[in-house]
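As structure tokens, the structure follows; a few thoughts come after it.
The values are calculated or read from the model by the stated rules, or taken from the named source; none is laboratory data. Keep in mind the model is a prediction, meaning the values are calculated, not measured. No Cβ is skipped: glycine too gets one built from the backbone with ideal geometry, and neighbour counts run over all protein chains shown.
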Amino acid sequence: MRLTTLTALLLASGAALATDISVVGVFPNKAVLVVDGGGPKTYSVGATIAEGVKLVAADSDGATIEINGKRRTIAMGEHVNRSTSDGGRQSVTLQADGQGHYVVNGQINGGSVRMLLDTGATLIALPASEATRLGIDYKKGTPGYVNTANGVAPTYRVKLNTVKVGDVEINQVDAFVQEQGLPIILLGMSFLNRTEMRRDGAQMVLTKRF
């Protein structure tokens, strides 16, 4: 069994009360969930968790919940509270780590990635190794240079088809690929500028603007 501190706030359509679901472990086709602060309980795929809420998949990546016919995937390894009310704007709530950093799991062009939120980065910045893994032919992008601790490193400006964090998905996002000196993908302002950012203590809420 793999453990996670992930908590997802899932809103059923038309319901006045939210169902709070924490994923504390997963097995093949089963998930251990804490529902509305109760004790941990093992649910099999297909089981009803609450009214209008069902577990539809569970694997090493986490649990997929169906809410009134709409699916939400709660990925393993994240620490987020997220909610998307039907008819409302997409939003995700990120939880800072012990050092105050927001490190999140997401997707770029459909591939799974881990990113560090960085409001000081003008664009999303990807290490060349990650761009290659994601199938991005970055050398067809616009070349440039950036200063690093080890000197000047070449970069290539590219356009990402999709960038997704939680339920927030942005299309056609500017980014650059850096060939040296970048250990993790930086989630920069080319994505963040298209959201409303609201910080509350250790939490950061991103709501899609356009």
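Laid out as a table, the results:
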{"read-out": "All positions within segment 129-168 that are part of a helix (DSSP H, G or I), within 20 Å of Asp118 (Cα to Cα) and not hydroxyl-bearing (Ser, Thr, Tyr)", "value": "Glu130, Ala131"}
{"read-out": "Test: residue in segment 186-193 that is under 15 Å from Ile108 (Cβ atoms) and in contact with a Lys or Arg (Cβ under 9 Å, 6 or more places away or on another chain)", "value": "no"}
{"read-out": "Residue count, segment 66-109 (criterion: at pLDDT 85 or above and not acidic (Asp, Glu))", "value": "18"}
{"read-out": "Within segment 152-192, considering residues that are polar (S, T, N, Q) and buried (at least 16 other Cβ atoms within 10 Å of the Cβ), the one nearest to Arg133 (Cα to Cα)", "value": "Gln178"}
{"read-out": "For Gln99: the one exception among (1) surrounded by fewer than 19 Cβ atoms within 10 Å (Cβ to Cβ); (2) out of contact with any Leu (no Cβ under 8 Å at 6 or more places or on another chain); (3) more than 19 Å from Met204 (Cα to Cα)", "value": "(3)"}
{"read-out": "Subset of segment 138-160 (residues that are closer than 19 Å to Leu187 by Cα and either outside the structural domain of Thr122 (by TED's automatic domain parsing) or in contact with a Gly (Cβ under 7 Å, 6 or more places away or on another chain) (or both))", "value": "Thr148, Thr155, Tyr156, Arg157, Val158"}
{"read-out": "Near pairs, Cβ below 7 angstrom, 6+ apart or cross-chain, from segment 136-162 (in contact (Cβ under 8 Å) with a residue 12 or more places away in the chain) to any residue that is assigned to a helix (DSSP H, G or I)", "value": "Tyr138/Ala128; Tyr138/Ala131; Tyr156/Tyr138; Tyr156/Lys139; Val158/Tyr138"}
{"read-out": "Answer residue from segment 153-210, given it is closer than 17 Å to Pro143 by Cα and of a type in the set (Asp, Glu) and is modelled with the lowest pLDDT among those", "value": "Glu179"}
{"read-out": "Matching strands (runs of 3 or more DSSP E) fully within segment 1-65 where at least 1 residues are at pLDDT 80 or above", "value": "19-27, 30-35, 41-44, 48-50, 53-59"}
{"read-out": "The one condition in (1) within 20 Å of the chain's Cα centre (by Cα); (2) without any contact (Cβ under 8 Å) to a residue 40 or more places away in the chain; (3) at positive phi that Gly111 fails to fulfil", "value": "(3)"}
